[in-house]
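Accompanying notes for the structure given below.
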Amino acid sequence: MDDNFYQKFEGGSSKSNFSGSKILIPFISGMLGATLVVGTCFGIPSIRNTLLSDNNTESNSSVVTQVSSNATQISLSDYSDTAVYAANKALPSIVNISISYDVSVFGMTQSTQASGSGVIITSDGYILTNNHVVSSSDSSSYYQVSKASKITVSLYNSDEEYEATIIGTDEQTDLAVIKIDADNLSPAELGDSSTVKIGEFVLALGSPLGLDTSVTSGIVSALERDITTDDGTTYHVMQTDCAINSGNSGGALVNGNGQVIGINTLKLSGTGIEGVGFAIPINDTLDVIQQLIENGKVLRPYIGIAGSNLSENTAQRYNLPVGVYVEDIYEDSGAANSGLKKGDVITAIDGTTISTMDELDAVKNEKEIGDTIKLTVYRSGQYIDIEITLTEMP
């Protein structure tokens, strides 16, 4: 299938700018014979011999070097044992997810299958994965892909398959929780992603290209990346050079203790690009998981507008201030009942100056449903304040 079938991402933040490259959600393998771009992870170069060549003791000894006040030891002799331990601890908690769906091309419908990965989070069958694995649909002028009609889960070292039900999905964070009817499963041990360091050893576990329970190794390449999609959704992720391919989505990024520190979600793909993958930090998933299990969705405060960013150049051209231009106001929302109008330019929220929708949402998302916010709005040559009561996002 044409590459456009996959959802594409452009780096759109000051922290991460990938102009001219494509970021593909490593969705699910097997979609209409799609051409696969397979990255290769070559692992650690043979620097161990260099480090141990002079005045070396036995091969199993550790090499200790004072490199900085923050890092005092380099040990490569136990690298393999660490990987073996972490993989064997985490693998029983990783599942393969098979999805059945329909594809309609020029009016002809065909059933097909794809696969992704998931992480067991409770012993009674709750599984964390990506929203795009189990609840993705796509369409164009000549094809349409349905949502999943059947979801099947297979466990580590088991031929038994379980039909899964979707408990909740959240498109904004690209997370979902599904459940199978099973007991005495092996839930993953969750780590603390706030303590992760750049350069830390990690493994990516999942089912790339349908190859169940595969393990690749690497390091944490960067933290605090903001990756913005074509539709404006921004994901807050950590970067890794572990090989991540189609089917890895929803699988685990684990540390040397076998603890899950992230959910593999994105990869950067293009000519000359290798080893640039992204995972959602596990700490960012905890509240989402709880809300998906309890409510089937994430409850978020909602203003009720469609807006576009007015850059400095655009604002000057139309003699407007920099801010968020209100393009539309949705019915039955706080904005609809507040006196806000199309054509208004929002320049501040609760006294905090904003210039983009992301900045507006960042302040709004710190509020609760039912809270009242005050927007500073430019209209017809003057600034006015408008109070809006936040409602629940539909």
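Every residue, every condition in (1) of a type in the set (Val, Ile, Thr); (2) closer than 17 Å to Glu274 by Cα, yes or no:
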{"residue": "Thr173", "(1), (2)": "yes, no"}
{"residue": "Lys179", "(1), (2)": "no, no"}
{"residue": "Ser186", "(1), (2)": "no, no"}
{"residue": "Leu190", "(1), (2)": "no, no"}
{"residue": "Gly210", "(1), (2)": "no, no"}
{"residue": "Ile219", "(1), (2)": "yes, yes"}
{"residue": "Arg225", "(1), (2)": "no, no"}
{"residue": "Ala243", "(1), (2)": "no, yes"}
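Does Asp124 qualify as being in a loop (DSSP other than H, G, I, E, B), at negative phi and among the charged types (D, E, K, R)?
Yes, satisfied.
When the range 265-317 is limited to residues that are part of a strand (DSSP E or B) and in contact with a helix residue (DSSP H, G or I) (Cβ under 7 Å, 6 or more places away or on another chain), the one that is surrounded by the fewest Cβ atoms within 10 Å (Cβ to Cβ) turns out to be Asn309.
Apart from one condition, Ile178 fits all of (1) part of a loop (DSSP other than H, G, I, E, B); (2) crowded, with 21+ Cβ neighbours inside 10 Å; (3) among the aliphatic types (A, V, I, L, M); the exception is (1). A single member of Val288, Val322, Val326 is at pLDDT 95 or above and not assigned by TED's automatic domain parsing to the domain that holds Glu359, and it is Val288. Would the range 204-216 turn up any residue that is surrounded by fewer than 15 Cβ atoms within 10 Å (Cβ to Cβ), part of a strand (DSSP E or B) and not hydroxyl-bearing (Ser, Thr, Tyr)? No: the range 204-216 contains no residue that is surrounded by fewer than 15 Cβ atoms within 10 Å (Cβ to Cβ), part of a strand (DSSP E or B) and not hydroxyl-bearing (Ser, Thr, Tyr). Only one of the numbered conditions (1) part of a helix (DSSP H, G or I); (2) surrounded by fewer than 17 Cβ atoms within 10 Å (Cβ to Cβ) is violated by Leu91, and that is (2). Looking only at residues of the range 348-382 that are more than 30 Å from the chain's Cα centre (by Cα) and within 19 Å of Ile329 (Cβ to Cβ), we find that the one that is surrounded by the fewest Cβ atoms within 10 Å (Cβ to Cβ) is Ser380.
Regarding Asp358, is this residue among the acidic types (Asp, Glu), touching a residue at least 24 places away in the same chain (Cβ under 8 Å), not in a loop (DSSP other than H, G, I, E, B) and not assigned by TED's automatic domain parsing to the domain that holds Asp170?
yes
For the range 280-324, residues that are more than 17 Å from Ala362 (Cα to Cα) and under 19 Å from the mean Cα position of the chain (by Cα) total 13. Screening the candidates Val145, Val153 for the property of being buried (at least 19 other Cβ atoms within 10 Å of the Cβ) and under 15 Å from Val119 (Cβ atoms) yields one hit, Val153.
Among the conditions (1) closer than 18 Å to Val288 by Cα; (2) crowded, with 24+ Cβ neighbours inside 10 Å, Gly247 misses just one, which is (1).
The values are calculated or read from the model by the stated rules, or taken from the named source; none is laboratory data. Because the structure is a prediction, the values reported are computed rather than measured. Positions of Cβ are backbone-derived with ideal geometry, glycine not excepted, and every protein chain shown enters the neighbour counts.
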